[in-house]
Amino acid sequence: MDANPIANAITQGFNEVLTENGVDVVRSLAVDPTTGNIDLAVQSQALTRAVSANPDAIAYFVLDPTASRPQIEQAKEAGIPVFAAFGKPDFEVNGYISLADEAQGYAAAKYLADNLPEGAKVAVIGGPATPNVLAEEAGAMKALEEAGVEIVGDVEQQRNLADNAAGGKEVMQGILSRFPDVQGVFSYNDDSALGAIAAAKQAGADVAFTSRNGTADAVGAVQAGDLLATCDLQPLEVGRALGRAVLAQLTGERDYQGTEEIEGPTSDACLVTAENAADWKSPEDQIDFVDITLG
């Protein structure tokens with residue numbers, strides 16, 4: 001997930017906590033180098049390498065709650081603590097941290113609906129069907145349905161599997177070809193929204209957008225008037241919370257067992273809008289990003 005700024009920021013926050021306490025961190029990517037898409041097989045291969053290296057702990061992003069069970073079970077059998085981010089897997093790990101996915105999707109989609117006329121036509125750009133994305137989409141759909149807007153298209157046919165701006169632009173072009181009068185779009189992440197905004201501008205379409213993640217480019221788009229709002233995930237704090245849990249496990253301060261949930265930042269006041277964008281700071285402005293060894 002190297003192209004994903006949120007995954008990178010989470011990793012940087014995680015790395016900060018551990019390296020400050022003398023723990024070496026090695027990262028692997030779950031991306032097919034040929035297609036650039038997230039690939040579960042690539043992640044499973046990386047986890048196999050990790051188990052073989054016999055580390056003191058493993059942390060990984062849950063891209064599919066059922067994926068990589070053999071590797072995780074092998075790690076547990078070897079006595080290696082395993083921690084999960086982005087959701088709860090369908091099998092036992094020591095601990096996991098989730099984002100406030102549904103609440104954040106709800107907040108961003110509600111803000112979109114509140115800024116559109118009653119009965120406006122709204123589409124949803126979805127992402128790879130990971131647990132956190134599906135929960136976010138559920139929250140967004142709930143907000144849009146409650147607002148009484150007309151939801152056009154099918155999110156299952158509007159997923160940006162590339163998880164980047166180029167993929168978002170392509171999905172938006174498809175939406176505009178089918179629904180040229182669409183008035184609003186909720187996007188599961190900022191990069192997809194930025195690509196969709198570019199497609200709308202290219203087509204001369206007047207469309208309002210909200211999204212989630214709180215990236216620097218998205219906040220810039222809010223300030224420019226291209227994006228109504230983005231929900232800041234506070235990825236550094238997510239990574240730091242995960243790092244503190246792993247550190248507590250390693251030092252014996254706490255023994256996480258039975259897939260315990262790790263508390264992360266809440267969704268309260270997550271929206272970055274034109275009213276507060278000037279006060280926002282990017283993860284890169286909060287800490288120095290460093291190169292993390294790949295393995």
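The values are calculated or read from the model by the stated rules, or taken from the named source; none is laboratory data. All values derive from a computational prediction rather than experimental measurement. No Cβ is skipped: glycine too gets one built from the backbone with ideal geometry, and neighbour counts run over all protein chains shown.
Summed over the stretch 18-51, residues that are farther than 30 Å from Ala165 by Cα and either in contact with a strand residue (DSSP E or B) (Cβ under 8 Å, 6 or more places away or on another chain) or surrounded by fewer than 21 Cβ atoms within 10 Å (Cβ to Cβ) (or both) total 10. Taking the numbered list (1) modelled with pLDDT of 95 or more; (2) within 20 Å of the chain's Cα centre (by Cα); (3) buried (at least 20 other Cβ atoms within 10 Å of the Cβ) in turn, Thr273 passes all entries but (3).
The residues of the stretch 70-94 that are on the phi > 0 side of the Ramachandran plot and either surrounded by fewer than 23 Cβ atoms within 10 Å (Cβ to Cβ) or in contact (Cβ under 8 Å) with a residue 60 or more places away in the chain (or both), listed by number, are Gly79, Gly87. Before we move on, is Arg69 assigned by TED's automatic domain parsing to the domain that holds Ala248, of a type in the set (D, E, K, R) and in contact with a Phe, Trp or Tyr (Cβ under 7 Å, 6 or more places away or on another chain)? The answer is yes for Arg69.
One residue stands out in the stretch 264-295 among those that are without any contact (Cβ under 8 Å) to a residue 40 or more places away in the chain and of a type outside the set (Asp, Glu): the one that is nearest to Gln45 (Cα to Cα), namely Lys281. Once the stretch 116-132 is narrowed to residues that are part of a loop (DSSP other than H, G, I, E, B) and closer than 23 Å to Ala165 by Cβ, the residue that is modelled with the lowest pLDDT is Thr130.
What residue, among those in the stretch 52-69 that are under 25 Å from the mean Cα position of the chain (by Cα) and farther than 21 Å from Ala129 by Cα, is surrounded by the most Cβ atoms within 10 Å (Cβ to Cβ)? Full working, then the answer.
So in the stretch 52-69, the residues under 25 Å from the mean Cα position of the chain (by Cα) come out as 57-69.
Among the residues that remain, those that are also farther than 21 Å from Ala129 by Cα are: 57-58.
On the way: Ala57: 19, Ile58: 22.
For the stretch 52-69, the residue satisfying everything is Ile58.
Pick from the stretch 219-252 the residues that are of a type in the set (Gly, Ala, Ser) and under 19 Å from Ala113 (Cα atoms): which of them is surrounded by the fewest Cβ atoms within 10 Å (Cβ to Cβ)? Before the answer, list the steps.
Initial filter on the stretch 219-252 (of a type in the set (Gly, Ala, Ser)): 220-221, 224-225, 229, 239, 241, 243, 245, 248, 252.
Then drop every residue that is not under 19 Å from Ala113 (Cα atoms), which leaves 221, 225, 229.
Numbers: Ala221: 21, Gly225: 8, Ala229: 29.
Looking at residues that are of a type in the set (Gly, Ala, Ser) and under 19 Å from Ala113 (Cα atoms), I get Gly225.
How many residues are over 19 Å from Asp64 (Cβ atoms), outside any helix (DSSP H, G or I) and in contact with a helix residue (DSSP H, G or I) (Cβ under 8 Å, 6 or more places away or on another chain) if we restrict to the stretch 96-115? Qualifying residue count, the stretch 96-115: 0.
Taken together, the criteria exclude Glu261 from residues that are within 18 Å of Gln12 (Cβ to Cβ), under 19 Å from the mean Cα position of the chain (by Cα) and surrounded by fewer than 16 Cβ atoms within 10 Å (Cβ to Cβ).
Taking the stated definitions as given, is Asp24 at pLDDT 95 or above, more than 30 Å from Glu150 (Cα to Cα) and in contact with a Pro (Cβ under 8 Å, 6 or more places away or on another chain)?
Details: at pLDDT 95 or above: yes; more than 30 Å from Glu150 (Cα to Cα): yes; in contact with a Pro (Cβ under 8 Å, 6 or more places away or on another chain): no.
In short, no.
Exactly one residue out of Arg178, Arg159 is assigned by TED's automatic domain parsing to the domain that holds Val124, of a type in the set (Lys, Arg), under 23 Å from Glu118 (Cα atoms) and modelled with pLDDT of 95 or more: that is Arg178. Figure legend. Inter-residue proximity from the stretch 17-29: first residues hydroxyl-bearing (Ser, Thr, Tyr), second residues outside any loop (DSSP other than H, G, I, E, B), beta-carbon distance below 6 Å, spacing 6+ or different chains. Indicated pairs: Ser28/Ala46.
Annotation: Asn213 fulfils all but one of (1) within 14 Å of Pro5 (Cβ to Cβ); (2) of a type outside the set (Lys, Arg); (3) modelled with pLDDT of 95 or more; the unmet one is (3).
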